[in-house]
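Working notes, beginning with the structure itself.
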Amino acid sequence: MEKVTFELFGLTLLEPLSTLMNWVLASLCGILYTRLKGSEDPFKKYWSWFFLAYSISLVFGGFSHLLFEYVDMPGKIPGWSIAILGGVAAEYAMTLDVSDSKKRQMLINVIRSKFFATLILLIMDFSFKWVMVHTAGFFVFVGVLSYQRMKAGATNYKYFLQGMAFLFVMAGVKVAGLDIHPSWFTRDDIAHFLMLAMYWLFYKGVKNYQAQS
């Protein structure tokens, strides 16, 4: 895909729509964080860190698009790293209602192993595909636990599953190579709009959470 370029203050800048949508998403995640911060509930606290991490990550993501001419791929490092940490926080939250202590510890070990494996793979091969693999693992992890809790009667978990439905739509858009415009409104831009709904549904799932007895 050809990147849109424009000149401003003597700088060659890229991808204005992707930059804008990253910052819109960052603003949404920041708002959701402020609505959850200060909660004493561990589940809501971990998820507030998820939204905070993604808010910061998306701010960096916007700059990495805008200034790609100057920062190239190393400019992606801060955003990717913080996003991975945000996913870890949410995964920890999802283990809190696992009543079997051995199973919970096993899941925590999986979270840690996935995190360190992603870091090692990024060091060996600096590619976004490893971030995508970690994110895919995050959605499988959250999806399975959400389905189990929903079947057990915790209705708030349906929002996590609904949010993840947008992930599959995003995957379909990317696999199909669906670009409304090859430069100005690409498959990545479509994904950004779908992510607005996804984050909002995650927030509803967190907001309606009640600790399991």
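The values are calculated or read from the model by the stated rules, or taken from the named source; none is laboratory data. Everything quoted here is computed from the prediction, not taken from an experiment. Cβ coordinates were reconstructed from backbone atoms using ideal geometry, including for glycine residues, and neighbour counts include every protein chain displayed. Heads up: the accessible areas ignore ligands, DNA and RNA and are worked out on the full protein's heavy atoms, side chains in. Shrake-Rupley method; radii C 1.70, N 1.55, O 1.52, S 1.80 Å.
Considering every residue within the range 31-47, establish whether at least one is in contact (Cβ under 8 Å) with a residue 40 or more places away in the chain, polar (S, T, N, Q) and exposed (fewer than 15 other Cβ atoms within 10 Å of the Cβ). Within the range 31-47, not a single residue is in contact (Cβ under 8 Å) with a residue 40 or more places away in the chain, polar (S, T, N, Q) and exposed (fewer than 15 other Cβ atoms within 10 Å of the Cβ). Of everything in the range 85-142 that is more than 12 Å from the chain's Cα centre (by Cα), among the hydroxyl-bearing types (Ser, Thr, Tyr) and surrounded by fewer than 19 Cβ atoms within 10 Å (Cβ to Cβ), the residue that is farthest from Phe160 (Cα to Cα) is Ser127. Of everything in the range 66-82 that is open to solvent by less than 40 Å² (accessible area, probe 1.4 Å) and touching a Leu at 6+ places or on another chain (Cβ under 8 Å), the residue that is nearest to Ser18 (Cα to Cα) is Leu66. Restricting attention to the range 5-23, the residues that are surrounded by 16 or more Cβ atoms within 10 Å (Cβ to Cβ) and of a type in the set (Val, Ile, Thr) add up to 1.
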